[in-house]
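Presented below is the structure to which this report refers.
A short reminder: the numbers here are calculations on the coordinates, not readings from a lab. This one's a predicted model, so the numbers in the text were calculated from it and none came from an experiment. So basically every Cβ, Gly included, is an ideal-geometry build from the backbone, and we count neighbours across all protein chains shown.
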Amino acid sequence: MEQTFTALGLPEPLAAALRAQGILTPLPVQTAAVPRLLAGENLLVQAPTGTGKTLAYLLPILARLDAALPQVQAVVLAPTQELSMQIARTARELAQAAGIPVRVLGLIGGASIKRQLEKLKEKPQLVVGTTGRILELAQKGKLKLSGVRLLVLDEFDRLLDKQGGEETAAFVQRLRREAPEAPHYALFSATATKLACERAAFLGAPVRITIEGAAHVPSTIRHYAVMTPFREKAERVRRLTRRLGVRRGIVFLGRAFDAERTLAKLRYDGVRAEALVGTADKMARQKAIADFRRGRVTLLLATDVAARGLDLPEVDTVFNLDLPEDARTYLHRAGRTGRAGREGRVITLADYREAEKLTRLSRQLGFDFSPLKPQKQGRR
């Protein structure tokens, strides 16, 4: 018998809102996490990209919020502005669909702090945002944390790394000082490495949930390798986009590539491309994501960090402009396509000097890359 959302302890209005979106049964990470978060347990959850982690914590948050209590009751921290606003939008839309009269506020750096202060006067129950801005507002006494009962760290490995760890620890300390009762916490990530878990030790000893096997790429995804001189990789992506009729594609690149120059090459001959990296400011990145979701942009250029956690639906092709460092990174990238039973393809471009690295990656993944044969073979 299939599990249901109400059987997990969620109220019927939330389950009905999910059914209206075609989400009928919970995914494994939701089945494991939702009842425990409803019960107030502390969790550390590792599950691959695209397995439903966001709903695994948003659903119990919305179920537990007291709409009659005009104070912040839950905080979600995320490592990027784009991911923060995506989470806030998802929470807001889900609450509205379920008829739950709570206020959700996104607080990110780079946005108008004056406007955020005005929004805080509306007494939101759920705050989602980047650590720096949320900490700043708390330190100014503008964001009261005394009512917070749950703290979520989404992509906690990044929130606790060398760049973000100090701010995150400072926020946790402040939360502990202000909240009369020790808040519960939940850590979520696709890459809960040993080092990341060690850095999270100051939070205590949570229940650990690991979703095994979900990292395997679905059989609906095909994996290709194209041997291409390094200097010609971007041009090859552009030509393949035309030839294969790519509708929505993500192009992953690493440090070796100049984002602006690569974007210019992709745009040559009229290919619609935007970037989440390089000199693009916050508003430009948000517009790029929105246009990609609406189908106005064909190719979205991103690093692994920039794309982390973003919900980018109906991606039919993933291009690896550089070789992923390991199988885990490859699987994260590949997980962007072939969702919900749709077909997808991952095309990895390798310079001839990278042939040995490509062979090692193939062994780690446990499958061989197919050659992308001329013309007809790549079409669907």
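Laid out as a table, the results:
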read-out	value
F202, F188, F230, F257 arranged by Cβ crowding within 10 Å, fewest neighbours leading	F202, F230, F257, F188
T6-R64 pseudo-label distance in nm [points 7 Å out on the Cα-to-Cβ vector]	2.3 nm
Rg to Rh quotient for the range 40-118, alpha carbon positions, Kirkwood Rh	0.96
Which of K142, K233, K373 has the fewest Cβ neighbours within 10 Å, and the rest in rising order	K373, K142, K233
The chain - percent relative contact order, Cα under 8 Å, separation 6 or more	17 percent
Label point distance in nm, A169-A182, each placed 7 Å from Cα along Cα→Cβ	1.9 nm
Added length on full extension, which subtracts the Cα-Cα distance from 0.36 nm per residue, R243 to E212	7.5 nm
Extended-chain gain in nm, criterion 0.36 nm per residue less alpha-carbon gap, K287 and Q71	74.6 nm
Helix-only CD estimate at 222 nm, as mean residue ellipticity for the chain, using -39500 (n - 2.57) per DSSP H run (n ≥ 4)	-11500 deg cm²/dmol
Pairwise FRET efficiency - K144 versus A39, Cβ, R0 = 30 Å, nearest 0.05	0.70
Close Lys-Lys pairs in the range 95-197, where close means Cα under 28 Å and separation is 8 or more or interchain	17
The range 136-256 - percent relative contact order, Cα under 8 Å, separation 6 or more	24 percent
Principal axis box of the chain, alpha-carbon based, largest edge first, Å	64, 51, 39
Value of relative contact order over the range 1-124, rounded to a whole percent, pairs C-alpha under 8 Å and six or more apart	24 percent
Using alpha-carbon coordinates, inclination of helix 28-38 to the longest axis of the chain, degrees	20 degrees
Separation of the A264 and L117 label points, Cα + 7 Å toward Cβ, nm	4.2 nm
Estimated dipole of the chain in Debye, rounded to 20 [Cβ of Lys and Arg +1, of Asp and Glu -1, Cα centre]	1140 debye
